[in-house]
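Computed from the coordinates by the stated procedures, all read-outs in this text should not be read as laboratory data. In this text the structure is predicted, and so the values were computed from the model without any measurement. For neighbour counting, all protein chains shown are included, and Cβ atoms are generated from backbone atoms with ideal geometry for every residue, glycine included.
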Amino acid sequence: MSIKIGVIGTGAIGADHARRITKTLTGAEVIALTDVNLAQAEKVKKDLNLDATIYADGHELIAKSGVDAVLVTSWGATHEEYVLAAIKAGKYVFCEKPLATTAQGCQNIVDAEMSAGKRLVQVGFMRPYDSGYKMLKAVIDKGDIGTPLMIHAAHRNQSVGKNYVTAMAIHDTLIHELDVFRWLLDDEYVSAQVIFPRKTPHAHEQLADPQIVLLETKKGVRIDVEVFVNCQYGYDIQCAVVGEEGIANLPEPQAITMRKKAQLGNELLVDWKERFIDSYDVELQDFIKGVQAEQLTGPSSWNGLAAAVSADACVKAQQSGQIEAIELPERPTFYR
Ligand code: NAI
Ligand code: ISE
């Protein structure tokens, strides 16, 4: 059965997901689109040559009986209302990160989903689908480096726009690390601290950049993550797990090494869309399969809530300069 999908928000990632559903993945088709900027939805429909209806707003799209499942790829602050509406309509929904911009917003979604009685939500945390992170987890789980003691990580973007402010380094960017390290270590965070090094001149007035986030887990693992979103040189994700008996590094993306003009080197990626292109494909294919089987298995609302609780503590730590506690509520059996 081909799943009929409606996309809310047809900007960068909405258009890219519509493309992959149409051109790369199997088992689904995009039949509905909406965007507050209707011209943007029209453009995606034309570019992909879609046989799709454009709706005036997300609620109208969710209500349409022909729409089996919804993709929420609008701005983060709009996610909660659309995910709640999809749950109310009994429809499966794939929501890009963040699930909601506050922990309370995520809790509202968790409560609504549990009341609905079955999993309807998958969150767009794609890193657990990335082959590099999967290899890293396999090495850790096999005990090849002994018990993990520390993680040194970096999340670097070439540059960001003027609308990207200090708290977004957490909600928009670090949120991926907050999700993937819980999964890598099978552990939960207990505290966070944020340190601001000397500021780069490439960051605008409202943005402190770079930042270093220090996390501590229940098992005592210490994690440092450099978030540097105007690093200029490329899009770069680093992760080194230090264990009792060795260090395991996240593999670099494949690239040709060249000897040229008296230099040895390779090109770096600059765009997040390219860096995780395979994992976006696999996560969405997994969502489609889950909808077909009526059983979602990908990142859940609980993962969205856990990341949001941790993110809220990190933002508090940005503001206080102190070490802030991270306190997750008890995980309901529904999400075990
Ligand atoms: P964008 O700004 O390129 O696109 C968002 C689109 O949503 C815009 O076209 C905007 O007009 C539309 N929109 C905003 N409010 C709306 C509403 N109420 N109803 C309908 N449409 C609305 O932003 P981008 O980069 O595509 O990000 C969208 C979401 O995806 C964000 O939550 C972002 O954090 C997430 N994202 C996730 C990535 C990942 O690696 N998983 C990568 C990039 C973005
Ligand atoms: C963006 O929204 C994403 O989710 C990308 O994966 C991330 O690397 C980037 O920093 C965010 O702005």
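What to note about this one:
- Note on the stretch 190-206: residues that are assigned to a loop (DSSP other than H, G, I, E, B), in contact (Cβ under 8 Å) with a residue 12 or more places away in the chain and surrounded by 13 or more Cβ atoms within 10 Å (Cβ to Cβ) total 5.
- Taking the criterion of being of a type in the set (S, T, N, Q) and within 15 Å of residue 18 (Cα to Cα), the residues of the stretch 39-76 that qualify are 40, 49, 53, 73, 74.
- Residue in the stretch 80-93 that is under 20 Å from the mean Cα position of the chain (by Cα) and without any contact (Cβ under 8 Å) to a residue 24 or more places away in the chain present: yes
- The number of residues in the stretch 232-274 that are touching a residue at least 40 places away in the same chain (Cβ under 8 Å), touching a Gly at 6+ places or on another chain (Cβ under 8 Å) and part of a strand (DSSP E or B) comes to 1.
- Residues being in contact with a helix residue (DSSP H, G or I) (Cβ under 9 Å, 6 or more places away or on another chain) and farther than 29 Å from residue 301 by Cα - total across the stretch 250-289: 3
- Qualifying positions in the stretch 94-131 - small (Gly, Ala, Ser), buried (at least 17 other Cβ atoms within 10 Å of the Cβ) and either over 23 Å from residue 67 (Cα atoms) or free of Cβ contacts under 8 Å to residues at least 40 places away in the same chain (or both): 103, 105, 112
- If the condition is being more than 21 Å from the chain's Cα centre (by Cα), within 23 Å of residue 290 (Cα to Cα) and among the aliphatic types (A, V, I, L, M), then the stretch 6-36 contributes 28, 30, 31, 32, 33.
- Filtered by the rule that a residue be more than 10 Å from ligand 1 (Cβ to nearest atom), among the hydroxyl-bearing types (Ser, Thr, Tyr) and more than 20 Å from residue 272 (Cα to Cα), the stretch 6-57 gives 22, 26, 53.
- Flag for residue 39 being part of a helix (DSSP H, G or I) and either within 16 Å of ligand 2 (Cβ to nearest atom) or farther than 20 Å from residue 291 by Cβ (or both): yes
- Of the residues making up the stretch 81-105, those that are assigned to a helix (DSSP H, G or I) and away from ligand 1 (no atom under 11 Å from the Cβ) are 83, 84, 85, 86, 87, 88, 103, 104, 105.
- Among the residues making up the stretch 52-89, those that are polar (S, T, N, Q) and more than 16 Å from ligand 2 (Cβ to nearest atom) are 53, 65.
- Contacts under 8 angstrom Cβ, first residue in the stretch 162-174 being within 9 Å of ligand 1 (Cβ to nearest atom), partner part of a helix (DSSP H, G or I), 6 or more apart: 171/76; 171/311; 171/315; 172/76
- Residue match in the stretch 221-231 (condition: under 19 Å from residue 314 (Cβ atoms), among the hydrophobic types (A, V, I, L, M, F, W, C) and not in a strand (DSSP E or B)): yes
- Hits in the stretch 6-22 (condition: more than 16 Å from ligand 2 (Cβ to nearest atom) and out of contact with any helix residue (DSSP H, G or I) (no Cβ under 6 Å at 6 or more places or on another chain)): 19, 21, 22
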